[in-house]
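The values are calculated or read from the model by the stated rules, or taken from the named source; none is laboratory data. Model, not experiment: these values are computed from the prediction. Glycine gets a Cβ as well: all are built from the backbone with ideal geometry, and neighbour counts include every protein chain shown.
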């Protein structure tokens, strides 16, 4: 009798273990990678100095090498991978992002410009010890009639900056026919089944459609 009892207990423990194991096995797995491209831009150079040079006497002295100047960016590429596992009682969402941006730089030198004090262009421009005044307003701050400027020289070169991000979240799930709501303390998502895959939408903190994830 004791052997029969132990056998029944063993079967019960085994069934419980199998039940727990089955709860952990996901029933649905979806993956997709999305790519966003942003165009490059140019950083405009200050050109008003050339106009001042036509009217204000100055001396120019080279100080030395300075930090490289950024001239703009060739563009930005962002690749984001979404990996969604929906299990019996919860869901796991992994988001991995990688952003690459090519920035354009040029070497530069630092120069000290010292301006001759006085009033120029019939009173339009006035050089004081602490500022250049144009039409009664401060146009450029000075220190003892002087300022430092960086000027580009040499050829441009490219530097690639890479940034990576990763998010792993466990979500409680709520099913509504063909829609599953994923929710935790960080954010809320909506999963809608479409064409053998699912469309993932972020509800909060941002409101945006992510796109269709393919079933694995």
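Filter region 179-188 down to residues that are more than 25 Å from the chain's Cα centre (by Cα) and over 15 Å from residue 27 (Cβ atoms), then give me how many there are.
So the answer is 2.
I need the full set of residues from region 189-204 which are within 24 Å of the chain's Cα centre (by Cα) and either in contact (Cβ under 8 Å) with a residue 40 or more places away in the chain or more than 14 Å from residue 84 (Cβ to Cβ) (or both), in order please.
189, 200, 203, 204
Check every one of the strands (runs of 3 or more DSSP E) wholly within region 121-216 and list those with 3 or more residues that are exposed (fewer than 11 other Cβ atoms within 10 Å of the Cβ) and modelled with pLDDT of 95 or more. Before the answer, list the steps.
Values: elements: 125-127, 131-134, 137-141, 146-152, 157-176, 179-183, 188-194, 197-204, 208-215.
Counting at least 3 such residues, we get 157-176.
With respect to residue 102, determine if the residue is in a strand (DSSP E or B), in contact with a strand residue (DSSP E or B) (Cβ under 6 Å, 6 or more places away or on another chain) and within 30 Å of residue 33 (Cα to Cα).
Yes, satisfied.
State all residues of region 48-68 that are surrounded by 15 or more Cβ atoms within 10 Å (Cβ to Cβ) and at pLDDT 90 or above; if no residue qualifies, say none. So that I can check it myself, show each step before the final result.
Our first condition is that a residue be surrounded by 15 or more Cβ atoms within 10 Å (Cβ to Cβ); within region 48-68, this holds for 49, 52, 56, 58, 66, 68.
The answer is 56, 58, 66, 68.
Residues in region 66-90 that are in contact with a strand residue (DSSP E or B) (Cβ under 6 Å, 6 or more places away or on another chain) and under 30 Å from residue 160 (Cβ atoms): how many?
Within region 66-90, residues that are in contact with a strand residue (DSSP E or B) (Cβ under 6 Å, 6 or more places away or on another chain) and under 30 Å from residue 160 (Cβ atoms) number 17.
Please enumerate the residues belonging to region 79-88 that are crowded, with 16+ Cβ neighbours inside 10 Å and assigned to a strand (DSSP E or B).
Quick first cut of region 79-88, residues crowded, with 16+ Cβ neighbours inside 10 Å only: 80, 82-87.
Once the filter is applied, which keeps residues that are crowded, with 16+ Cβ neighbours inside 10 Å and assigned to a strand (DSSP E or B), region 79-88 yields 80, 82, 83, 84, 85, 86.
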